[in-house]
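The values are calculated or read from the model by the stated rules, or taken from the named source; none is laboratory data. None of the values given here were measured: they were computed from a predicted structure. Using ideal geometry, Cβ is built from the backbone for each residue, glycine included, and neighbour counts are taken over all protein chains shown.
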Amino acid sequence: MTRKPWTPLPSETFDIPVHEIRRGYRSDVYFWRSKVALENQRRHASVLMQIFQRGDSVLCGVDEVLATLKLGSGYYTDREAAYKKFDELMLVKRKVRSLYYTSPSKMLAAQNERLKIEKALDELWTQTSGELQVNTLKDGDDLTPWETAMTIEGPLYQFIHLETLYLGILARRTKIATNVRRVVTAAGAKPILYFPARFDHWHMQGGDGYAARIGGALTVSTDAQGEWWGVSGAGTIPHALIAACEGDTVAAVKLFAENYPDANLIALVDFDNDSVGTSLQVAREMGDKLWGVRLDTSANIVDKSVANMMGDFKPTGVNSHLVEIVRTALDREGFGHVKIIVSGGFNADRIAAFEAAGVPVDAYGVGSTLMDGIRDFTADVVQLEGRPVAKIGRSLQPNERLVHIPL
């Protein structure tokens with residue numbers, strides 16, 4: 001069956017450090033050394049590189065890999081001159097950073113110096129991505145163990161230095177997309193709010209947010225997470241804002257509503273460990289303006305609302321009984337429009353248990369669990385000039401689902 005190709009995201013979507021990947025600065029050093037050896041010995045034979053992984057996954061990172069191959073495949077016409085210019089580039093980048101606060105005028109001059117060096121490096125680089133043939137699955141495709149996800153065909157010296165990068169991209173993005181898909185599947189029709197930004201380095205947000213979208217997340221918490229797919233961050237008020245309002249949740253909610261009247265107003269209601277009481281206080285004050293409440297009771301704490309119910313269930317954290325009594329209390333006073341969002345340690349299994357029990361949750365906020373696990377990919381040369389050369393156990397595995405994408 002022939003699959004229709006798609007249009008990958010443009011390369012400018014991604015924050016790719018072009019000169020660093022061309023120089024091998026972010027690659028395992030043995031790949032760069034192999035590139036140099038192949039160039040020096042003029043070993044320009046074409047290979048077929050095959051990429052796979054070992055689990056049931058939701059593939060993600062393909063568009064980013066294509067951009068990396070497009071921008072990074074090639075060679076220097078004068079390697080020694082390029083080395084010197086690259087070293088100059090790294091020094092001037094540090095210089096720019098050092099001048100941010102000490103001398104803005106000198107910083108601008110350093111920026112101009114950087115541009116000149118980058119232009120010189122561009123002139124020393126021959127881009128050869130047009131010579132590569134890439135066949136691949138697309139972002140969002142289901143991937144089975146050992147199934148070929150992508151092949152790259154062309155002279156190995158032109159792209160061997162990129163292996164560390166494209167495998168890392170696929171591993172990271174696929175992990176996030178797969179983890180999100182699992183909680184999305186568990187939640188059924190209910191939205192998943194992607195909230196793990198605080199659990200990892202900020203530089204990961206753009207790609208991770210895109211991977212979350214591929215996995216099925218409805219909302220992200222930072223603007224950077226939504227940049228690649230065109231949405232803004234969303235969420236509730238934080239505990240810190242309530243503390244800044246002297247522990248008064250109602251005052252914090254009113255303050256937020258006054259400054260952001262067009263945002264969905266979602267109150268965080270566990271600050272006083274009384275989710276029912278605080279939910280009702282906020283609902284009475286805000287009325288129809290209140291979009292929802294978020295229950296976020298710590299896993300080590302028993303909410304006041306369920307303290308007299310202990311005995312036949314685990315009372316700590318956000319449990320089903322707590323959600324049910326909050327829902328009942330809101331409905332009893334005519335606040336049926338107020339949605340309930342739960343967060344705090346939710347994963348696919350816990351969400352599935354809530355859904356199986358019919359717990360009246362409207363949306364799930366999921367954080368650190370979406371960073372769990374690994375989804376490592378492997379790349380192997382399986383053909384040289386059309387002849388089998390794969391190491392034992394890694395022979396060519398054709399996949400009719402692959403689509404050719406020109407770089």
If we ask which residues in segment 277-325 are surrounded by fewer than 17 Cβ atoms within 10 Å (Cβ to Cβ), β-branched (V, I, T) and in a loop (DSSP other than H, G, I, E, B), their number turns out to be 1
Limited to segment 71-110, what total is found for residues that are at pLDDT below 95 and either of a type in the set (V, I, T) or in contact with a Cys (Cβ under 9 Å, 6 or more places away or on another chain) (or both)? 2
Scan of segment 244-267 for residues that are touching a residue at least 12 places away in the same chain (Cβ under 8 Å) and hydrophobic (A, V, I, L, M, F, W, C), ordered by number: V250, A252, V253, L255, F256, A257, A263, L265, I266, A267
The residue from K106, K138, K116 that alone is on the phi < 0 side of the Ramachandran plot, of a type in the set (K, R) and in contact (Cβ under 8 Å) with a residue 60 or more places away in the chain is K138
May I ask you to verify whether D248 is among the charged types (D, E, K, R) and buried (at least 18 other Cβ atoms within 10 Å of the Cβ)? no
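Conditions tested, residue by residue: (1) surrounded by 16 or more Cβ atoms within 10 Å (Cβ to Cβ); (2) within 22 Å of D270 (Cα to Cα).
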position	(1), (2)
V184	yes, no
G188	no, no
Y194	yes, yes
E227	yes, no
L241	yes, yes
Between a first residue in segment 383-400 that is more than 14 Å from I51 (Cβ to Cβ) and in contact (Cβ under 8 Å) with a residue 24 or more places away in the chain and a second residue that is in a loop (DSSP other than H, G, I, E, B) and of a type outside the set (D, E), which pairs have beta carbons less than 6 Å apart while being 6 or more apart in sequence or on different chains? L384/A45; E385/A45
Here the residues within segment 353-386 that are hydroxyl-bearing (S, T, Y), over 30 Å from P398 (Cα atoms) and touching a strand residue (DSSP E or B) at 6+ places or on another chain (Cβ under 7 Å) are Y364
Look through Y76, Y83 and report the one residue that is under 20 Å from E39 (Cα atoms) and surrounded by fewer than 18 Cβ atoms within 10 Å (Cβ to Cβ). Y83
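Condition check ((1) touching a residue at least 60 places away in the same chain (Cβ under 8 Å); (2) under 20 Å from D380 (Cα atoms); (3) of a type in the set (A, V, I, L, M)) across all residues:
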| site | (1), (2), (3) |
| --- | --- |
| E153 | yes, yes, no |
| Q158 | yes, yes, no |
| Y194 | yes, no, no |
| R198 | yes, no, no |
| R213 | no, no, no |
| S221 | no, no, no |
| V231 | no, no, yes |
| A234 | no, no, yes |
When you scan segment 87-110, do you find a residue that is touching a strand residue (DSSP E or B) at 6+ places or on another chain (Cβ under 6 Å) and more than 30 Å from A211 (Cα to Cα), even just one? no
Quick one: count up the residues across segment 198-212 that are surrounded by fewer than 20 Cβ atoms within 10 Å (Cβ to Cβ) and in contact with a strand residue (DSSP E or B) (Cβ under 8 Å, 6 or more places away or on another chain). 0
Restricting segment 236-280 to residues that are among the charged types (D, E, K, R) and closer than 17 Å to W291 by Cα, which is modelled with the lowest pLDDT? D262
Where residues in segment 19-62 are among the β-branched types (V, I, T) and under 30 Å from G216 (Cα atoms), which of them is surrounded by the fewest Cβ atoms within 10 Å (Cβ to Cβ)? I51
Among the residues of segment 326-346, write down those that are in contact with a helix residue (DSSP H, G or I) (Cβ under 8 Å, 6 or more places away or on another chain), crowded, with 18+ Cβ neighbours inside 10 Å and over 17 Å from L265 (Cβ atoms). V342, F346
I'd like to know if segment 334-344 contains one or more residues that are over 36 Å from the mean Cα position of the chain (by Cα) and at pLDDT 95 or above. yes
Can you go through L132, L89 and tell me which one is in contact with a Gly (Cβ under 7 Å, 6 or more places away or on another chain), crowded, with 16+ Cβ neighbours inside 10 Å and not hydroxyl-bearing (S, T, Y)? L132
Got a sec? Which of G130, G61, G74 is in contact (Cβ under 8 Å) with a residue 12 or more places away in the chain, closer than 24 Å to T164 by Cβ and in contact with a Pro (Cβ under 9 Å, 6 or more places away or on another chain)? G130
